[in-house]
Amino acid sequence: MPSFANPFVGNVNRKMTDQELANAIRLDIAGELEAIYLYDAHAAATDNELAKKVLADIRDEEKQHMGELLTLLMHLDPTEKELFDHGAGEVREMMEELEKIGKKKKK
Ligand SMILES: [Fe+2]
């Protein structure tokens with residue numbers, strides 16, 4: 001189970017600000033990640049073909065939820081999108097460097 005503190009438990013007296021909502025979405029994302037991990041582990045731990053198929057299908061639905069939540073988070077917190085994009089760019093640079101090294105080794 002996610003171990004993040006949930007600051008929204010019992011909050012029924014007011015609506016969240018967008019910043020509070022962004023934090024809630026981060027907690028929701030953690031829940032999706034945990035669900036993906038658990039469904040995948042359970043599917044791998046059984047030889048029951050139907051269970052494997054159902055669990056893998058649910059796992060993949062959770063991945064779609066991740067995409068929805070990440071997109072919502074980036075909408076709510078545009079700074080977060082900039083940071084995600086920056087991180088993705090760094091990984092792409094590393095991939096390109098490794099690709100160049102691989103090509104040099106093949107020569
Ligand atoms: Fe989900």
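The values are calculated or read from the model by the stated rules, or taken from the named source; none is laboratory data. Source: prediction; values computed, not measured. Please note: Cβ atoms are built from the backbone with ideal geometry, for glycine as well, and neighbour counts cover all protein chains shown.
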_Being within 16 Å of the ligand (Cβ to nearest atom), assigned to a helix (DSSP H, G or I) and at pLDDT 95 or above is the requirement here; does Met94 meet it?_
no
*Give just the number: which of (1) under 23 Å from Glu20 (Cα atoms); (2) assigned by TED's automatic domain parsing to the domain that holds Ile25 does Lys53 not satisfy?*
(1)
*asked:* What's the number of the only condition in (1) assigned to a helix (DSSP H, G or I); (2) more than 19 Å from Ala22 (Cα to Cα); (3) of a type outside the set (Gly, Ala, Ser) that Thr46 fails to meet?
replied: (1)
*asked:* Cβ-Cβ distance below 6 Å, separation of 6 or more or different chains: which pairs start in the range 46-66 with a residue that is under 13 Å from Leu33 (Cβ atoms) and end on one that is of a type in the set (Gly, Ala, Ser) and within 12 Å of the ligand (Cβ to nearest atom)?
replied: Glu62/Ala35
*Of all residues in the range 5-29 being small (Gly, Ala, Ser) and outside any loop (DSSP other than H, G, I, E, B), which is modelled with the highest pLDDT?*
Ala22
*Are any residues in the range 36-68 surrounded by 13 or more Cβ atoms within 10 Å (Cβ to Cβ) and among the β-branched types (Val, Ile, Thr), and if so, which ones?*
Ile36, Val54, Ile58
